[in-house]
């Protein structure tokens, strides 16, 4: 890559670093892993920058972040299977019957509400959403991407983006109400 191309890459891609990290953070649910995913995504984007045909640099980069997350997730699952096949088999058996079952370390919605600020509550509920719903909600509401850009990032039709976003909003609102109702019961 020439110096001019490298400068064009920096000018096009670096403004989207925060959006890339935000998406990676919500997908991985781990700050250190998100940094690794973003670093890998930027390396891949740098290597493939000659193939970038224009359009939304943000959507192109976030699609790479999404693919890097999938690679990271698949690698992590393989490692977990190698180390503890029984524990992972239960985890991979499907989605939990209730999204609140995903809370860790014996935390209850009540303790989360008492301990965290409203922003932390939002993050916590976002983490409870299934990945496809969490992904579109983060891309639309936090990263403010258009439906078309989300479609490009996720590799799904715009109609699918719209239906996932609708389901994500309903699911988020339901979880918010359930958590809030649980907090009211504690008082």
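Odds and ends about this structure:
- Residue check, residue 24 part of a helix (DSSP H, G or I), within 19 Å of residue 152 (Cβ to Cβ) and either free of Cβ contacts under 8 Å to residues at least 60 places away in the same chain or under 14 Å from the mean Cα position of the chain (by Cα) (or both): yes
- Residue selected from region 30-84 under the condition over 16 Å from the mean Cα position of the chain (by Cα) and not in a helix (DSSP H, G or I), by the criterion farthest from residue 135 (Cα to Cα): 84
- Pair list, Cβ < 8 Å and 6+ apart or interchain, from region 141-167 residues that are in a helix (DSSP H, G or I) to residues that are surrounded by fewer than 15 Cβ atoms within 10 Å (Cβ to Cβ) and modelled with pLDDT under 90: 152/55
- With respect to the conditions (1) within 24 Å of residue 156 (Cβ to Cβ); (2) more than 19 Å from the chain's Cα centre (by Cα); (3) at pLDDT below 90, residue 87 falls short on a single one, namely (1).
The values are calculated or read from the model by the stated rules, or taken from the named source; none is laboratory data. Owing to the predicted nature of the structure, the values given are computational and were not obtained by experimental measurement. Glycine gets a Cβ as well: all are built from the backbone with ideal geometry, and neighbour counts include every protein chain shown.
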